[in-house]
Amino acid sequence: MPGSGSRADPTGGPGMIWRVGLIDSCGAWNGATAAAAFASAGTHIERRPPGPDPTGHGSRVAGILTSAGAPVELLLGQVFSSTMPASAAAVAAAIDWARSHGAHLIHLSLGLTADRGVLREAVARARSSGVVLVAAMPARGTPVYPAGYASVIGGTGDARCGPDEVSVLGPRLFGAFLGTAHSRSGGASIGAAWVSRTLVRLPSGTPAGDAIAGLRAMARYQGPERRRKQSPNGPVQDVNQPSCDPPRSSPAP
């Protein structure tokens with residue numbers, strides 16, 4: 001449902017507001033449109049009032065998403081607690097909730113190590129509704145989910161990129177800045193947040209295919225970083241060197 005949930009830009013500008021579902025640890029943010037926490041309760045997922053951010057990670061991601069200079073409405077789906085990692089079912093419930101609240105974009109700076117049906121189905125429902133999903137993905141190594149699904153845009157860190165720069169690392173994998181304006185201390189999860197930050201500079205409700213094309217058009221770098229390496233036999237060879245750390249992971253139940 002591209003465009004659903006869009007509202008006129010209150011600043012009077014020509015654009016529209018992106019409604020972004022942030023699935024992470026953040027339970028409160030100044031100006032957030034809605035917030036809810038999701039946690040396992042026996043055999044089902046319980047929706048609860050959100051609490052303080054137990055790790056600070058989600059708040060850091062929220063700060064990145066809202067710093068693009070484009071109006072953004074945040075929908076906060078809190079799936080991490082101070083005592084338990086997020087389950088695939090909790091993440092899926094948060095995706096469904098954000099979709100039902102009119103999200104154009106759902107951002108997940110997390111990666112589950114296993115493909116779970118409940119998560120795959122929630123992603124499929126969101127995509128069939130026209131929602132764009134961006135999730136953290138390592139540039140090398142074992143895929144994580146939901147970024148491992150073909151319908152999800154993967155984001156990671158790239159040491160070459162500064163703020164407002166992205167790189168094309170694969171058909172649907174993009175690299176971006178590794179930290180904040182003052183620190184390069186992040187990995188794939190923070191890089192993914194900067195990829196979504198770049199996306200919200202496009203018109204709200206942009207379809208996924210156009211979003212990928214837009215990222216490619218804005219990319220500063222094409223392909224992974226190439227570094228020169230001395231081979232055992234002497235000649236110097238060019239090698240591809242992805243620049244990222246694994247995303248913040250959450251084991252599925």
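A short reminder: the numbers here are calculations on the coordinates, not readings from a lab. Worth saying up front: this structure is predicted, and the values here are computed from it rather than measured. All Cβ positions, glycine included, derive from the backbone under ideal geometry; neighbour counts span all protein chains shown.
Brief remarks on what is shown
- For segment 18-241, relative contact order (Cα pairs under 8 Å, six or more residues apart, normalised by length) works out to 17 percent.
- Residues in segment 13-57 that a label on Ser129 would reach, taking backbone N under 13 Å of a point 7 Å out along Cα→Cβ: 19-22
- From phi via Karplus (6.51, -1.76, 1.60), per-residue ³J(HN,Hα) for segment 22-29 in Hz, x at Gly/Pro: 9, 9, 6, 9, 7, x, 8, 8
- Candidates per chymotrypsin sites (Phe, Trp or Tyr not before Pro) in segment 106-209, loop by DSSP, up to 13 other Cβ within 10 Å: none
- Farthest toward positive dipole pole in segment 18-241 [+1 Lys/Arg, -1 Asp/Glu at C-beta], among Ala41, Leu75, Val166: Val166
- Of interest is the spacing of the C-alpha centroids, which for segment 103-133 and segment 198-223 amounts to 18 Å.
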